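Since the structure comes first, as structure tokens, the remarks are kept for the end.
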Amino acid sequence: MLSAEANQRITKVGPGTPAGDLLRRYWMPVAPKAEVDEVRVRPVRLLGEDLVVYKDDRGRYGLLAEQCPHRSASLAYGRIDDDGIRCPYHGWKYDVTGRCLEQPAEPAGSTYKDTIKHTAYPVQEAGGLLFAYMGPLPAPLIPPFDVLARPDWERRIEIHPILDCNWVQPMENSVDPAHLYWLHGYTGGAPNQQPDDENRYEEFDFGIYKSHVNEDEIETHPLVFPNILRGPGHVAHFRIPVDDTHTRIMYILYNPTPDGTPTGQENVPYQYIGPIKTEHDDFGYPRYQHRMDTFAGQDGMAWETQGPVADREREHLSVSDTGVIMFRKMLDQQITVAAEGGDPLGVIRTPRDVINFKVQREDRHNGQIIPWRGQAERSFAKSVRVPVA
Ligand code: FES
Ligand SMILES: [Fe+2]
């Protein structure tokens, strides 16, 4: 159980909040690069801030506050120029650093534009995603996680529907293997877990390793702090805080080349995944009915029905919540580190080699590594922007 105050400390994501300031120390995914290349400008809501991401004609990516500093029209309808984006209302133009380059209706020779500094955040590409850094400068490096940096992995991106719940709920679930049998196996019809399987947790440099041990196998993969679930299998889930009560999940899925040769992949395709729920339930009530025939639907049901922000004063934690408690403690400690001006867990500032995580299934009896089931076969060649039902 957490007091209301302790709960707010770990869940609120806006600027100036404890967890909001911690999350701003990490690069956050914004959108697939391929999508911004195509649409050139789109709105993004991230950490409670309304923003637009765009690409100028020189190929630079920018992330600006959505509302124009002149009189607040939305830059999401802006026009892309050679060196910036123009507000659709009176044509003021901003570059990727937030400088105002032009104010077309001002008198010739006016220097008023030089006094305008629009909110702008650095953007960088990794693994086919554009990432933004919204914290204090200088920005750290994007860590070369395997899923972002391995040259011998062919990638694709899945964009899942925005969840109506706070980001901590899916992250707690990342270290909650007790749900595997009940939610996915028993409730949801994916019968490969047992209710009495043993679970182990271990902290490491980038988060928490979780091992799920059954009669025959040990399955290990990490929660990468603060908001990535890496694995199981050939995937990483980025749980991106949209605001206090909404979370966007993006997956990077990958196929390794059989012999470790680089793929040479230049464009990472992306796909929007269809809704996990309907607006009315099966009995006509105006409340969501969740799809229970996919893992994402089953998890989404569990996280959203906990409430927009789970009320942790009402909960009754048990032994099976060991990983959840470990994650909350880590979050609380790292909030303090960031608040005191330090670099929290996993923030890096010197270049390093690819960070390969342990994501494996192991035969418990002979220690042999077992391949993941069916993960590598899914593939698609083309980006799809229209949600697939
Ligand atoms: S509101 Fe943007 S230029 Fe006037
Ligand atoms: Fe799950």
Give me the net charge for the shell around residue 94: Cβ to Cβ below 11 angstrom, other residues only, Lys and Arg +1, Asp and Glu -1.
0
With only helices counted (DSSP H, runs n ≥ 4, each -39500 (n - 2.57)), the per-residue ellipticity at 222 nm for the chain, to the nearest 500, works out to -4500 deg cm²/dmol
So, taking all protein chains as they sit and a 1.4 Å probe, how much accessible area belongs to residue 305, in Å² rounded to tens?
90
Pseudo-spin-label distance residue 295 to residue 60, built 7 Å along Cα→Cβ, given in nm, is 4.1
Could you work out how far the C-alpha centroid of the stretch 56-92 sits from that of the stretch 1-54, in angstrom?
20
For residue 311 and residue 110, what is the calculated FRET efficiency with R₀ set at 51 Å and r taken between the beta-carbons, to the nearest 0.05?
0.40
Can you give me the C-alpha center-to-center distance between the stretch 247-295 and the stretch 323-357, rounded to a whole angstrom?
27
Which helices, counted as full DSSP H runs in the chain, have an axial Cα extent of no less than 20 Å and a Kyte-Doolittle average of 0.5 or above?
322-339
In terms of the ratio Rg/(2.2 N^0.38 Å) built on C-alpha atoms, what value belongs to the stretch 28-132?
1.03
Rg/Rg_ref, the chain, where Rg_ref = 2.2 N^0.38 Å and atoms are Cα
1.04
Estimated distance in nm for a label pair at residue 204 and residue 266, the labels positioned 7 Å out from Cα along Cα-to-Cβ
3.5
Find out how many positive minus negative residues lie around residue 242, taking Lys and Arg as positive, Asp and Glu as negative, among other residues whose Cβ is under 12 Å from that of residue 242.
-2
Report the full-extension gain for the segment residue 257 to residue 162: residue separation times 0.36 nm, less the Cα-Cα distance, to one decimal in nm.
31.0 nm
Estimated FRET transfer efficiency (residue 319, residue 285; beta-carbon r; R0 30 Å; 0.05)
0.25
Aspartates and glutamates within cross-link reach of residue 55: Cα-Cα under 19 Å, excluding same-chain residues under 8 positions apart?
35, 37, 38, 66, 81, 82, 83, 95, 102, 125, 266
Hey, any idea what the orientation-averaged projected area of the convex hull of the stretch 94-144's Cα atoms comes to, in nm²?
4.9
Determine the sum of side-chain charges near residue 69: Lys and Arg each +1, Asp and Glu each -1, restricted to other residues whose C-beta is under 15 angstrom from that of residue 69.
-1
Taking the chain and a Cβ-Cβ threshold of 4.7 Å, the cysteines left without a partner are 100, 165
Using the Kirkwood radius over Cα pairs, work out the Stokes-Einstein diffusion coefficient for the stretch 1-81 at 37 °C and 0.692 mPa s, in µm²/s as a whole number.
229
Fraction of alpha-carbon pairs over 19 Å apart in the stretch 283-371 - percent
71
Measuring with a 1.4 Å probe in the full set of protein chains, what accessible area per residue, in whole Å², belongs to the chain?
47
Distance in nm between label sites at residue 72 and residue 50, each 7 Å beyond Cα in the beta-carbon direction?
0.9
First obtain the Kirkwood hydrodynamic radius of the stretch 72-176 from its Cα pairs, then insert it into the Stokes-Einstein equation at 37 °C and 0.692 mPa s, and state the resulting D in µm² per second as a whole number.
187
Compute the FRET efficiency between residue 1 and residue 343 as 1/(1 + (r/R0)^6), taking r as their Cβ-Cβ distance and R0 = 35 Å, and round to the nearest 0.05.
0.70
Please list, by residue number, everything in the stretch 336-371 whose backbone N is under 14 Å from a paramagnetic label point 7 Å out along Cα→Cβ of residue 215.
364-365
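The values are calculated or read from the model by the stated rules, or taken from the named source; none is laboratory data. Just so it is clear, the model here is predicted, and its values are computed rather than measured. FYI the Cβ positions are ideal-geometry reconstructions off the backbone, even for glycines, and counts take in every protein chain you see. When the accessible area is computed, the model is the full protein with side chains, heavy atoms only, and any ligands, DNA or RNA have been set aside. Shrake-Rupley method; radii C 1.70, N 1.55, O 1.52, S 1.80 Å.
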